[in-house]
1. Give me the extension gain from residue 116 to residue 95: residue separation times 0.36 nm, minus the current Cα-Cα distance, reported in nm with one decimal.
2. Note down the relative contact order for the chain as a percent, whole number, built from C-alpha pairs under 8 angstrom at least six residues apart.
3. Take a quick pass over the chain and tell me how many lysine pairs come in under 15 angstrom between Cα atoms, counting only ones 8 or more apart or on separate chains.
4. Which helices pass in the chain if a helix is a full DSSP H run, must span at least 15 angstrom along its long axis by Cα, and must have mean Kyte-Doolittle hydropathy not below -1.0?
5. Rank by packing, highest mean first: peptides 395-407, 70-82, with packing defined as the count of other Cβ atoms within 10 Å averaged across residues.
6. Given +1 on the Cβ of Lys and Arg, -1 on the Cβ of Asp and Glu, and no further charges, what dipole in debye does the chain carry about its Cα centre, rounded to the nearest 20?
7. Relative contact order for the range 20-174: what is it in percent, counting Cα pairs under 8 Å that are at least 6 residues apart?
8. Nearest 0.05, what FRET efficiency do residue 442 and residue 462 give at R0 = 35 Å with Cβ-Cβ as r?
Amino acid sequence: MSLSPPILKLAGFLADPVAPADFPEHKIRFWNARWAGEVGLGDLDVAGQVAHFGRFEPLPGNLKQPLALRYHGHQFGTYNPQLGDGRGFLFAQLRDRQGRLLDLGTKGSGQTPWSRQGDGRLTLKGGVREILASSYLEALGVNTSKSFALVETGEQLARNDEPSPTRSAVLTRLSHSHIRFGSFQRLAYLEERNSMAQLIDYCVTEFHPQAEDPDMAAKACKLLESIATATGRMIGQWMAAGFVHGVMNTDNFNITGETFDFGPWRFLPQSDPNFTAAYFDQQGLYRFGRQPVQGGWALQQLASALLLVGAEADDLAKALAPYQLAYRDSFIAHTHALLGIAPTGEDDADIDFLQTFYAWMTESEAVWPQVFHDWFCGVASEARAKASPLAALYADAAFAPVKAQILARAPVRPERLSHAIFQRAAPSLVVDEVEALWGPIAEADDWSAYAAKLADIEALRLARWG
């Protein structure tokens, strides 16, 4: 569903018009038919998909030229004013069936003024990895950007951190918003107060209408409170899903609390608070157990940027307070949801369960996805769990307190266990599996294992939430 893109009101200070790269080939490798239908693009045939998501011909009534967004950010704690969309752009804005504004943004679509000597390209492997991650996150109920289209582009790329030359692609992803914390940081750095006020107005109108207020300083605080709540919910979901983002720089947080820009992501094979996804994160700044702290730190940087419109530091600090509660409540709720059981609704009891459960997960080194698979719907899965590869761990005395608490909670929609996915091995996406899926593609252009994995992930999504 197209519209006059609201982002054009901000384009003069927020973005630069750019041209997409002219790629030698266009092979559709992924098309998200479900989400295409949600945004009015379900009728596009292959030629239309190539035209709009390979050559980036404008969608009717939408942006006439892509926009590379400008932003700054803290990268591993160090402020960097030399950022911006270096290999991507905002291609279009659409409304879904509920009338929500959604962005179509790219990765690997060519050079921009912010490429910083980069080639503006994406490896095909990088595109495949993001499709797998975003699909699995969605299947686990985590708020995330959606991979929309992947087009192989026929170029050979040189990369320092993987075998080269390697195949190229351009990815388009769908997000509620591509406005980053770093967008605010840039305006604060440049002391562009009027532009900051316009950006706040846009974010409130389109994404956080509950933050509306005639006073700009108060509106900024209410917006921060809403963003803090959304961010806390997202990170609570990450922690229950065993997801490690990898690079939690402030330019990789958006204002609607969606997971995106996750390059070296990992899913935990076992519980390990010190698990670090990025090989270049040598200090473990963004390790799994530190993600909630880092989310709060990123929000503090956003709060500092909002001082520019006259918001008081004390008021901004109060606006950050909901983050911890949102994170805690989300962690509780999503752990229970992934186990298919109901929280008690009593904070102390539910927190005690989480502490008992995750302490056992860490000490036992149980396989993370297998545990959630085995005990889905609690007491209704007790017999299934006894037949699990982890049955010996469940029979150990150390598991008894965890089992007692799981069985004491009511199963939620236990009829979901009739789905075939619960009669099979636990779907998972640890890094070794990703490498195994990529191997046949790289060596023989064999996409069958990859397609089977995506089908398995979609079956999991439908079984859990459908």
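1. Length gained between residue 116 and residue 95: 4.3 nm.
2. 13
3. Close lysine pairs found across the chain: 7.
4. Flagged H segments are 124-139, 193-206, 216-241, 291-305, 322-339, 347-364, 431-444, 448-465.
5. With the highest mean Cβ count within 10 Å placed first, the list reads 70-82, 395-407.
6. Using Cβ point charges on Lys, Arg, Asp and Glu, the chain gives about 500 debye.
7. Answer for the range 20-174 is 26 percent.
8. Computed FRET efficiency for residue 442 and residue 462 comes out at 0.70.
Read-outs throughout are calculated quantities, based only on the coordinates presented, and are distinct from any laboratory measurement. On a predicted model such as this, the values are computed, not experimentally measured, just so you know. As a convention, Cβ positions derive from the backbone with ideal geometry for all residues, glycine included, and neighbour counts pool all protein chains shown.
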